[in-house]
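The values are calculated or read from the model by the stated rules, or taken from the named source; none is laboratory data. Predicted model, so just to flag it, every value in this text is computed and none were measured. Here the Cβ positions follow ideal geometry from the backbone for every residue, glycine too, while neighbour counts run over all protein chains shown.
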Amino acid sequence: MKDPKRIIRRDRVLSEIFDSCPGSYLVGGYVRDIIRGAESTDIDFVVRGNFSEIASSIALGYKGKYIDFAGKGMARVIIGRRSIDFTELRGEIEEDLERRDFTMNAIAWSPDRGIVDPLKGSHDISSRLIRGISRKNFVDDPLRLLRAYRFSGELCWTIDSKTRALIGEMRSLIREPANERITLELFRLLESKCSMKGLKAASSDGLLGEILYLDNRRLQDCIQELSLVNAFLKKIPERYNFKFGENVSQELSYGGVLRAIVLLSGADKRRWRLSLSRTILDKIEAFNKLREDYPNKGRLRREEIFDGFVKEGDSLVDFAILSRNLWNVRESLRCMNMRPLLRTEEIMRQIGVKGGPELGLLKRDMMRMQFLLKLKSVSDARQWLGTMA
């Protein structure tokens, strides 16, 4: 177990907070990560006195950004890559820790007292175990029910069997938090290193079904499909230049969006407990349309690929990847990146049209012939265009 004292002593910002705020404690995930030997940029303090004034002073001294979450009883300071949250400590630190979500997050540290661990969270960290503190704490914030599986995915840890049983009993409470909060937790799970571990457990315990309104059989099919997609993503050659980690929408990377499509494409958006951006909704709807058009997800003909791209644009690439066929991926990328052999001005001049729908259809037909490899050069394109005059 790592000693927080040696790490924090070398940290100028944290040392100053302790010096200026007697009786303060570091708490939660930052302490957990120090103990397990990991780096964290999210830092939580509980302090005696006016937390807003303390946070504002720290932000001013280090030229950081100050954010006041007055409604949540919290203030935040962002200094570089680090986010430091301040809340007020009311009563004893042990009381504060007993109100938290999991034992691994119910550990505090201060220069005077060292590690304060009344719920034996350090032991659970050593055992790589996620253990809920109490039924009441889940009732107080039902989002913690889903957070257990998100932590399982992020840390690759196991959820305690009694905690899983309790979540199964209380799973209907997950309908209470705002859809935006549920969505963020689910998306963080989809982005996690061991997402399949968390998803399988959440499905088995009935929680995922409460969020998506999918029956268990359908969920199992989705999760099996996700396993296959994850394996296929690793087979895509680097030369295809996919940036699966690049952010797309709602803190989801491209790889995360693909997983979301698999998980949500069969769910009823009128009933799910999610709030999705227009970008993600459009991708799910486009995938569903393409799946109806091409129910056999094997190798597509070039004609099908071109027609699919005309209808759904870049979403055809999503469909190609999720079909788990490298031919489909390669050809859909070729279609997406293809440039016309002739410029619009030359087409207009040669064919004698000034624009409008006729020109658009002509350009599309020429691109189709080009994609089907029936036009391979500028000369071929000009000759073909001559037959259209």
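Remarks
- Where a residue in segment 239-251 is within 23 Å of Glu180 (Cβ to Cβ) and its partner, wherever it lies, is assigned to a loop (DSSP other than H, G, I, E, B), with Cβ under 7 Å and at least six apart: Ser249/Ser277; Gln250/Ser277
- Every condition in (1) within 28 Å of Arg131 (Cα to Cα); (2) assigned to a helix (DSSP H, G or I); (3) touching a Leu at 6+ places or on another chain (Cβ under 8 Å); (4) among the hydrophobic types (A, V, I, L, M, F, W, C) holds for Leu14 except the one numbered (1).
- Among the conditions (1) loosely packed, with under 12 Cβ neighbours inside 10 Å; (2) under 22 Å from Ile261 (Cα atoms); (3) modelled with pLDDT of 95 or more, the only one that Leu373 does not satisfy is (2).
- Checking each residue of segment 346-357 against the condition of being among the β-branched types (Val, Ile, Thr), touching a Pro at 6+ places or on another chain (Cβ under 9 Å) and over 16 Å from Pro237 (Cβ atoms) gives at least one match.
- Selection count, segment 83-111, where residues are closer than 25 Å to Ala59 by Cα and either of a type in the set (Phe, Trp, Tyr) or free of Cβ contacts under 8 Å to residues at least 60 places away in the same chain (or both): 7
- Flag if Phe319 is modelled with pLDDT of 95 or more and within 26 Å of Ser377 (Cα to Cα): no
- Of the residues screened, Ser24 is not one that is of a type in the set (Ser, Thr, Tyr) and free of Cβ contacts under 8 Å to residues at least 60 places away in the same chain.
- Checked against the criterion of being assigned by TED's automatic domain parsing to the domain that holds Tyr254, in contact (Cβ under 8 Å) with a residue 40 or more places away in the chain and either surrounded by 18 or more Cβ atoms within 10 Å (Cβ to Cβ) or more than 26 Å from the chain's Cα centre (by Cα) (or both), the candidates Ser152, Ser122, Ser134 yield just one match: Ser152.
- Qualifying residue in segment 270-280 (condition: closer than 29 Å to Ser172 by Cα, free of Cβ contacts under 8 Å to residues at least 12 places away in the same chain and surrounded by fewer than 16 Cβ atoms within 10 Å (Cβ to Cβ)): yes
- Qualifying residue in segment 7-26 (condition: surrounded by 14 or more Cβ atoms within 10 Å (Cβ to Cβ) and closer than 30 Å to Lys162 by Cβ): yes
- Against the test of being under 21 Å from Arg324 (Cα atoms) and loosely packed, with under 14 Cβ neighbours inside 10 Å, the options Leu228, Leu190 yield a single qualifying residue, Leu228.
- Only a single criterion out of (1) in a loop (DSSP other than H, G, I, E, B); (2) in contact with a helix residue (DSSP H, G or I) (Cβ under 6 Å, 6 or more places away or on another chain) is not satisfied by Phe309, namely (1).
- Just one of (1) surrounded by 20 or more Cβ atoms within 10 Å (Cβ to Cβ); (2) touching a residue at least 24 places away in the same chain (Cβ under 8 Å) fails for Ile79. It is (1).
- Segment 286-306, residues that are of a type in the set (Lys, Arg), closer than 12 Å to Ser323 by Cβ and part of a loop (DSSP other than H, G, I, E, B): Lys297, Arg299
Matching residues to (1) under 14 Å from Ile159 (Cα atoms); (2) surrounded by 21 or more Cβ atoms within 10 Å (Cβ to Cβ):
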residue	(1), (2)
Arg171	no, no
Ala178	no, no
Ile182	no, yes
Ser195	yes, yes
Gly206	no, no
